[in-house]
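For reference, the structure is listed below as structure tokens.
Rule-based calculations on the coordinates, nothing more; no lab input. This is a predicted model, so every value here is computed, not measured. Glycine gets a Cβ as well: all are built from the backbone with ideal geometry, and neighbour counts include every protein chain shown.
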Amino acid sequence: MFRFLHKQAMRWLLLLGLGEALLLAASLNVATYLRYFRYPDQLEEFSRHMPERSLVFAVMLLLGLAALGQYQTHMRATWFGLLARQGVGFVLGGLGLVVAYYVVPQAYVGRGVLGIALVIGFIAVTALRALFLRLVEVESFKRRVLILGAGVRASQIHSRMRRRSDRRGFTVVGFVPRPGEQLVVPVEQVLTADTLFELVEREQVDEVVVGVDDRRGGLPMEELLECRQHGVAVTDLTTFFERESGRVQLSLTDPSWLVFSGGFNVTPLRQLSKRCFDLGIATLVLLLTWPFMLLVALAIRIESGAGQPIFYLQERVGVRGKSFRLAKFRSMRTDAEIDGVARWASKNDDRVTRVGRFIRKVRLDELPQLWNVLKGEMSFIGPRPERPQFVADLATKIRYYNLRHCLKPGLAGWAQLRYPYGASDEDAAEKLKYDLYYVKNHNLLFDLLILIQTIEVVLFSRGAR
């Protein structure tokens, strides 16, 4: 179920979440004492249901933080950016608490206690995160990884994972060249020993990553087996990239790896759970957003005048290459593609109307796609559907491009979270890496995490164009 999260990363995130939950629960207790310590009778009465109130307080704020991507394994942001997201997460959590207090009045804590608890909780979470980020950067807490190979494939550890955030969970102790292999990695990082296991013991290696250029008869299988027998993990380079970066590295991928690497869960149980998830979330979003949809329709009618279409129906490629009519609020002029030629949307596209520019920024133009989800043509989470003209062209240029069509396309997706709006063949190739990762590793929990973090995309208008 947790294939999309490496066990080490999952343990760190669970530890962080548990620590923050305890701090937030404690913050509410401290706030209650500060508010009522002068009134013992009121303090005693208020404290009767503190465990339940503390749980509601902690859970709602954790959901707010998760919605802003605060539990992503590859968060790349400055301290100011992290604090800004944390602040917005607390605001979302506070709004969630207001709703929870309306639904369950017994959980209500009062404005004074709530305000004090939010301030204390924000400071406490900030302090814990500062300590956490220092801990995960300590070399002794990272997995020690040895790369078997020193050629072109192995060198991609340097070229593709250069940022510190890319290597947050591991450190590369060195590279072991194979006989006849061209040396591409830095010489100072090359290690040698009589046997591979001797090197593993000497360097206290936790994992051996196999990244040789030619595996045909060139792998020391007996030595790798000896490493496995002593509890050292042995991982293929392609799998290592997939696990650590959250994407499939196309330059390292071959058909045999796709066949034998696992994933691609399309069992009847998974299809049923995904369909129930789609229907439930689409119905909920529709109930919450229908007033905004009416306002958008009215704004388009006022700007464009009577007789102009409010909705835009466009052919898109769905599951197994079948086309369907995708519905959106019209955000471009009616003559945007009068010549019949499909074009990528560009930054500051002059075809976009004034209303269209706004609804694209806040993603309101996507809401009619809820109808496609309810009809079963789309899922709520999945690869974004593309136009047939683009698909026909990209499938000839990008290897494995059609694999993204083995699932229903989605209104939101992993690629939209991890990569900005794509408007070129190069962007499509980069987004495909994330789409294939989702196709291989999708499950109900992964869908839920993507859904929560999509709130961040909407709030910060990331990828809108």
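At-a-glance table
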{"quantity": "Two-site FRET efficiency, GLU44 against PHE358, from Cβ-Cβ distance with R₀ of 56 Å, rounded to 0.05", "calculated": "0.60"}
{"quantity": "Angstrom value of the Kirkwood radius, inverse mean 1/r, which spans all Cα pairs in the stretch 7-137", "calculated": "15.3"}
{"quantity": "Interchain or long-range residues, amide H under 5 Å from GLY410's placed H", "calculated": "SER379, GLY382, ARG384"}
{"quantity": "Value of relative contact order over the stretch 217-328, rounded to a whole percent, pairs C-alpha under 8 Å and six or more apart", "calculated": "9"}
{"quantity": "For the chain, calculated [θ]222 nm from helices alone, where every DSSP H run of n ≥ 4 adds -39500 (n - 2.57)", "calculated": "-17500 deg cm²/dmol"}
{"quantity": "Lys, Arg +1 and Asp, Glu -1 on Cβ, resulting dipole of the chain about Cα centre, debye, nearest 20", "calculated": "1360"}
{"quantity": "ASP214, ASP335, ASP435 arranged by Cβ crowding within 10 Å, fewest neighbours leading", "calculated": "ASP335, ASP214, ASP435"}
{"quantity": "Reachable lysines from LYS431, criterion Cα separation under 24 angstrom, eight or more residues apart if same chain", "calculated": "LYS274, LYS322, LYS328, LYS347, LYS361, LYS397, LYS408, LYS440"}
{"quantity": "Inverse of mean 1/r across different Cα pairs in the chain, Kirkwood, Å", "calculated": "25.2"}
{"quantity": "Relative contact order (%) - criterion: Cα under 8 Å, at least six apart; region: the chain", "calculated": "14"}
{"quantity": "Charge dipole of the stretch 182-275 about the Cα centre (unit charges at C-beta), most positive-ward option of CYS227, TRP257, LEU183", "calculated": "TRP257"}
{"quantity": "DSSP H segments from the chain that extend 30 Å or more along their own axis, Cα-based, with Kyte-Doolittle mean of 0.5 or above", "calculated": "7-36, 79-103, 111-137, 268-304"}
{"quantity": "Selected from SER47, TYR36, GLY121, residue furthest toward positive end of dipole (the stretch 7-137; charges at beta carbon)", "calculated": "GLY121"}
{"quantity": "Debye, to nearest 20: dipole size of the stretch 142-248, +1 on Lys, Arg Cβ, -1 on Asp, Glu Cβ", "calculated": "740"}
{"quantity": "Among SER27, LEU61, VAL109 the positive-end extreme of the charge dipole of the stretch 7-137 (Cβ point charges)", "calculated": "LEU61"}
{"quantity": "Convex hull per residue volume in Å³, alpha carbons only, for the stretch 118-266", "calculated": "160"}
{"quantity": "Local electrostatic count at LEU250 - Lys and Arg +1, Asp and Glu -1, tallied over other residues with Cβ under 14 Å", "calculated": "+2"}
{"quantity": "Of every Cα-Cα pair in the stretch 268-460, the percent that sits beyond 23 Å", "calculated": "44"}
{"quantity": "Cα centre as origin, Lys/Arg/Asp/Glu Cβ charges: the stretch 220-334 dipole, Debye", "calculated": "1060"}
{"quantity": "Computed FRET value (nearest 0.05) for LEU191 with ARG275, which takes r as the C-beta separation and R₀ as 56 Å", "calculated": "0.65"}
